[in-house]
Structures are given as C-alpha cells and as structure tokens.
1. Just give the residues from region B:31-48 buried by at least 30 square angstrom of accessible area in the all-chains context relative to the isolated chain, probe 1.4 Å, and say none if nothing qualifies.
2. Could you sort the residues of region B:121-147 by number and keep only those whose accessible area is reduced by 20 Å² or more in the all-protein-chain setting relative to the chain alone, 1.4 Å probe?
3. How big is the B-A contact in terms of buried accessible area, both chains counted, 1.4 Å probe, rounded to the nearest 100 Å²?
4. In terms of the Cα gyration tensor, with a ≥ b ≥ c the square roots of its eigenvalues, is chain B rounded because a/c is under 1.5, prolate because a/b exceeds b/c, or oblate?
5. Using the Cα centre of chain B as origin and beta-carbon charges of +1 (Lys, Arg) and -1 (Asp, Glu), tell me which of B:G84, B:N70, B:P52 is placed farthest towards the positive end of the dipole.
6. In region A:319-377, what chymotrypsin sites (Phe, Trp or Tyr not before Pro) fall in a loop by DSSP, with at most 14 other Cβ atoms inside 10 Å?
7. Taking each residue in A:183-191, count the Cβ atoms of any other chain within 10 Å of its Cβ, then average. What number comes out?
8. Of the peptides A:273-284, A:451-462, how do they stack up when ordered by the mean number of other Cβ atoms within 10 Å, highest first?
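The values are calculated or read from the model by the stated rules, or taken from the named source; none is laboratory data. Everything numeric here is computed off the predicted structure, so don't read it as measured data. Reconstructed Cβ throughout: ideal geometry from the backbone, glycine too, with neighbour counts over all protein chains shown. Accessible surface is based on the protein model in full, side chains and every heavy atom, while ligands, DNA and RNA are left aside. Shrake-Rupley method; radii C 1.70, N 1.55, O 1.52, S 1.80 Å.
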Amino acid sequence: MSTEGHAGSAHAEPSFFRKYIWSTNHKTIGKQFLFTSFIFLGVAGFLILLVRWNLAHPGEPVPLIGKLLFGGSGAVPPEKFIFLTSMHGTLMIFFVIIPILVGAFGNFLIPLHVGTHDMAFPTLNALSYWLFWGACILIVIGIVMGFASPQDQDMAGWTLYPPLSAYAGPVMTWVLLAMIFVGFSSILGAVNYLTTIAKMRAPGLSWFRLPLTTWAQFITAVLQLLATPVLAAALTMLTFERVLGMNFFTPGGLELSGQPVGHSGGVPLLWQHIFWFYSHPAVYILVLPAMGMASDLLSVGARKAIFGYKAMVLSICAIAGLGFVVWAHHMFVSGMNPYLGMGFMISTMLIALPSSIKVFNWLGTLWRGQIRFDTPTLNAISFVAMFVIGGLSGIYMAATPVDIHLHDTYYIVAHFHYVVFGGSLFAVFGAVFFWFPKMFGRMMNETLGKIHWFLSFFFFNSAFFIMHVVGLAGHPRRYASIAFLEQTLGHMQWMNRMITYSAICLGLAQLVLIFNFFWSVFKGKKAEPNPWQANTLEWTVPSPAPEHNYHVVPTVHHGPYEYGAGNGKDWMSQVESAGAAPSSERH
Amino acid sequence: MSEAHAMTAHGADDRIEAFERARLGMWLFLASEVMFFAGFIGAYVVLRMANPHLAVAGQKELNWVLAALNTAVLICSSLTMVLGVNAISKGDRAKCRNMVLLTALLGSAFLVVKFFEYSGKFAHGIYPNTSTFFSCYFLMTGFHGLHVLGGIIALLLLLLGIKHYGPERYTKVENVGLYWHFVDIVWIFLFPIVYLL
Ligand code: HEM
Ligand SMILES: [Cu+2]
C-alpha cells in the first residue's frame, strides 16, 4: 500500500505554477486564502484608523501620511469618510473574516478532518479561489478610485442601502461586482465542502464523530449555499439599477441635488429585506466556524472532552436555522410594520438560547480541566469571553424599544466588533497558532504568541468597550463630524481619543503576529506530527501534512474528544483502537 | 492526475463514489440556483404588490401565446433529455446522441422565440427601464434565458465528448440532465406568474 503511495507522490513533481499558483490541492488553496485575507486585514485596518483619527481629532491633518492620501491640509475630507468606513466593513466581512474562516481553515482542515486526500472537486476548489482573486482585483480598483478621484466617492455602508447606493459614485459599481464574485466563490466552496463532508468520511467516522470544527464548517456551508445566492440576486438587481437604469429600489419623487431621478415604483425596503435575509445568516457564517475551532482548541487545551458534544452540534444547527428567521431585527426603525418587528424580536431572543448553550458548554469544558495556558488556549478562552459580551449586547438590541435608541449608534459598532473581532478573530489567532505546525511544519514562537495575545486582548477591550458608552450616549455611527452634538457628546471626546489610540496600538500589536508568522515559517522550531497531543486525524500524519494527506485511508474508532483518559497518557487519537473504552463514550 | 494515489485501489467502487459525489454536488448547486431565482421572484412579488397597476398595464403588452409555445418547447426538451439519459444508461449511445442533439435544438428554438419576443418589446419602445414591472420581466426572463444558453452549451459539450460516455460512466450526461430540468422548472414557475396571473 504505502509503496504505491510513494510512487504516486514521486511521479511528476508538479511545476512551480501547478504547485503554488494554479494548485488544486486543498492545503495550498487554504494557505492562499490565508495570505490573501491577511493582506486585506491590513488594508481594512488601515482604512479604519484614518476614520478613527478623524473622530479623535476632527478636521486635523492625519499625521505622516495625510497629505499623501488626501492632499490639501491632510485631514480626512468629509466626502471620503463614508467611503472609508464602508470599504472597511466590506473588506473585513467579505475579504477577511469569511475567507479566513471558510476559505483558509475550511479548505485546510475539512479533508484532513474527514480523513481523505482532497476536496471532492479539486478543480472547482481552485476555481473558487480564483474567483475570489477576481473579486480582489475589482475591490482594489474600487479602493484606488476612492482615494484617487477628486469627486465625492460616496458609498452606502457595507449594507448598501438604496437609494443612496443606487446613485452613489462609480466606486460603488466596482464594489458590487467584487461582491458578486465573492458570492460565486463562496457558493462553489460550499458545494465542495458539503459534498466532501457528506461523502468522503473515512471508515468509522460517523457524523457524530466529526470534530466540531468540521461540523461548524458543514453548517456554515449550508448557510453559504442557501443565503449567498439571495445576496447575489440582490446585488445583481442593484447593479442593473445602476448601469442599465432598471428600477427596483427607487421610489417615486426622488430628487438628486434638485434634479428628479425620474423613477417611480421602486421599494427601498425591499433591499433591506433581501439584504438582511442574506446578511443575518452571514453574521453566523462569520462566527460558526470560529465557534467550531474554539471548541477544538478548548478541549485540547483543557485536556478534557468537550462538554455536551451533541448539544454543541445541535446548537450549531439551531443557530443556523433560527438565523434565517431573524433578519428584520436590523430594520426595527426602518418603518416596517411594528407587529412584524415583534415577531422578529422574539425570534432574535430565541437565538440567544443555543448561543448560551454553547457558552455554558465551553465553560463546562474548561471546568476542572488541566488547562494549558498556551497561546491557542488563551486565544480560545478570550473568544468565549468576548463572545459573551457581544452576545449580551445583542440581546439588548433585540428588544425593539431599546433598539430604537441604540440603532445606528456606536453601541452597534461595539456589539459586532465584540462578536466578530473579539470572537471570530481571536479564534482565528488561536487557530493559526494551533494549526501552523500542520501547515508549515514548524512551530510558532510561544513567547511572541503570548505577547501578541496579551496586547491584542488588552487594546481590543480598551478600544471597543468604551464604544458601548459613547454609543449609549448617542454617538451615531458613520458620521464624519458630530460637532452638532457638542452639547451632549462634547465632554466625551476624551473617550473617542482613547478609542483611537487603543485602536492604533491594536493595529501595531498585529505586527508581532506578522513577524512571528513569517519568522516561524522559515526559522521556527521543527514540529513533530502531534505537538499538542491532540486526537483528530490531521495529527496522525507528519507536519507539514504531506501532499495527499494519508497514505492509507485511516480507520476511525471513536470520537475526537477522548482526553484525560488516564494510563499516563491523557489523549487517544481517533485512529487508536481502544482496548479500554474511554470514559466519555458513555451514552 | 493528482488524485492517483494509494486510495484508489478499487476502480469500480471509486467510480460509483465519484458518480454519487458529482450528483450530490449538482443537487447542491441547483439548491443555490433555486435560492437565486427565489430572490428575483420574491422581489417581483413585492414590487407587484406595491404597484398593481403597473403589472396590469404591463401584462397587456406581453405575448402569452409565444410564451405558452415556449413552455411547450421546454417541456418537450425535458422529455428528450430524460430519454437521452435513459438511453446512455442502457448503453445506447447513438440514441443518446440524437436525444441530446434534439434537446439542444429545442433549447435553441426557445431562445429564438425569446429573441422575437424581446425584439417585439423593443419595437414597441419597451425597455428594461420602462417600469418596475418590465425591469422584473427582463431580469427574470433574461436570467432564465442565460441559463438556457448555458444549458445548450453544456449539451453541445456532451455531444462533442459523446464517445466517452457509456452505461458505466454517464455522470456528466446525468448532471447536465438535472440542470436542464431545473431550467425547465424555473420557466414553469415564471410563465404563469409573469404572463398569466
Ligand atoms: C446572541 C446573539 C445575537 C443577537 C441577539 C444579536 C442581535 C443583533 C441586533 C438586534 C442587531 C441590530 C442592531 C441595530 O442595527 O439596531 C445586530 C447587529 C449586528 N450583529 Fe448581532 N446579534 C447576535 C450575535 C451576533 C453575532 C454572533 C454576530 C457576528 C459574528 C453579529 C453581528 C452583527 C453585526 C455585524 C451587526 C451590525 C450590522 C450593521 O448594521 O452593520 N451578531 N445584532
Ligand atoms: Cu442580525
């Protein structure tokens, strides 16, 4: 068997092009997604620091680079403000978090976790990455145009509400096209992931023996598959409205700088319904894979079986299912029927139930564990803590009367950064650290990892927690200037400064991660196959994982969380056929 | 070639598995397509309810006879497609080729009729920006037409490679067939809601 395997990998060493550029290997594609989205993380972070500068020092020139970027005095021109915030949001969601969680980790881990050699459709997988590249090119054109052109480059937030989005400057069209490409890429990816997980599991790997990472990827793929095309439909309509003069979203009587637009009959609320029908499920696309990975990291880090495995799986399913019926909680103040709002308020609150089941199970996993406070575990614990804060603020906003006050303030900004940055991104930090050896065959530096974790955790909270306070006081989001609120918010300017300085430090702290990452790729300590004593299948093969993953299809004998079994060894790989049935296999 | 490795020990089993994977992949893809058209149809319903008069006026301009003809054409093409898939699974390659060709021809006939329908609209000064009703009309029938076009191209590709298919391997024929039925079904939804109701 194994000789055949060697023969397979020895014949025809792929060319450089096939190996690194047009590769169909899931591990390469995963890494490509990882690098690409790290670049955009930097870009998007930079854009928002410009925004933050202006909020801390309104109208003052941006130090060092202001003149270069904006000319004139070097201050952020108010006309460019919405461009900066919108681009930040669009990039972070569609070019950073989704590609990292789904594109990078989904690709890299799914075939390894199900014990197979690659995705079900490797060519489709490569296509999905290159569609994403198409999107990258389009959005970069948009970014460059936004900075370069002197005219107003208004956008309409990442939520693209018409009529503004239908009549905003030309950057908007590039963004719409870019998002359509991302959507296609996601759909193809989802088809691949679902098929791979459903059809290519190794013998013995029943559904309820899958690691939670892969379960989360599976459910996320369902969301992607069913929600993304709806977004694609909406984006198509909006694009046609802009370029072909079709009308879906423009109401009668609309005037632009005194000129009638000449359309009638469109329904702006229609956009909001379709958009959120996609985008609420999408916020779970932004977090479910992170929940899965954090579960695995916590179980390994606490040397304990995950608490309530099946409850974890079911709560993922429940979150995903409920996620489709809560979308209008983003529209409480849009003028929709209040009775409808009531229904959405209740369904939104229901979603907190499965979310809290997960939180309690994570705590149950940590409880009395032999916790190793290494970088992956620290980041995973931070994920749980931050997710709790973000989830709690979510429940406040879910109550319609409260949301009327909170909507479109910095409170919302605090909420979703707690779930997306505090939650997902911390899980990503942990996951990068954890799976790095399997990706590159070397370990990342632990000390630098801890420093990065501490700085990120500290500055994240000092930046975002205060946003709750200014938000409650009424600081609106997406406003270049709040001078007109001087009376109510003027005395809070020091908070805005503190947010900005913390955000800058948070950005700088990421340099530690970048340094650690690249330094370790080349100079890190060589990794053993299983540096964390973890159970899942990927740890049974050498680090880095070989071209075809497994020489022989692994046979799975039990679930992925058999930790702390005793006998001097506190873990048991999924491929070990256990003589003594481990304790957590009770039914 | 990159899939050549130690795992492919049992050729036949592997082929069956690959077949099942491909079919599942196709079903999933079609599920996403359903949601794509559902987005359009949902928007159409909302816009119609917001502007009932536009729909009444608009439908007077539509030619439901041509559309009914097209419906018949597509239903026939689904039948020929089924016959083609059935033939190849029984090993009758020649019949499969004829049936696939016929399906492609029927599909093209649909597009020709569509072409006349559209040019009739343009001749009457009706364009996608005429009203929300016609925006929806051109959007939905246009995207459906593009899907038909894609289907025809897939059918032609099948014809080109017909000698590779046989009762043992006809995954692609089957998948193109699934896609073709989907395109057909979308039309069966569009026809009444756009032209009749
Ligand atoms: C306990 C669970 C959650 C509840 C009850 C909840 C509730 C809400 C509500 C009611 C809003 C709308 C507020 C407004 O605009 O007035 C909102 C906004 C938002 N939520 Fe959550 N949420 C929860 C979890 C999450 C998670 C897990 C994520 C993402 C990972 C997320 C991401 C967002 C985002 C991005 C927005 C802002 C969208 C925008 O207007 O730009 N939420 N949430
Ligand atoms: Cu939501």
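1. With the partner chains in place, region B:31-48 has these residues losing at least 30 Å²: B:S32, B:M35, B:F36, B:G39, B:F40, B:A43, B:V46, B:L47.
2. The answer is B:P128, B:N129, B:T132, B:S135, B:L139, B:F143 - residues whose exposure falls by at least 20 Å² when every protein chain is included.
3. Working: alone 10900 and 23270 Å², together 31030 Å².
Interface between B and A: roughly 3100 Å².
4. It comes out prolate by the Cα gyration axes.
5. It is B:N70, whose Cα lies furthest towards the positive end.
6. Within region A:319-377, the qualifying chymotrypsin sites (Phe, Trp or Tyr not before Pro) (loop, at most 14 other Cβ atoms within 10 Å) are A:W367, A:F373.
7. Per-residue shielding by partner chains comes out at 3.
8. Going by the mean number of other Cβ atoms within 10 Å, highest first, we get A:273-284, A:451-462.
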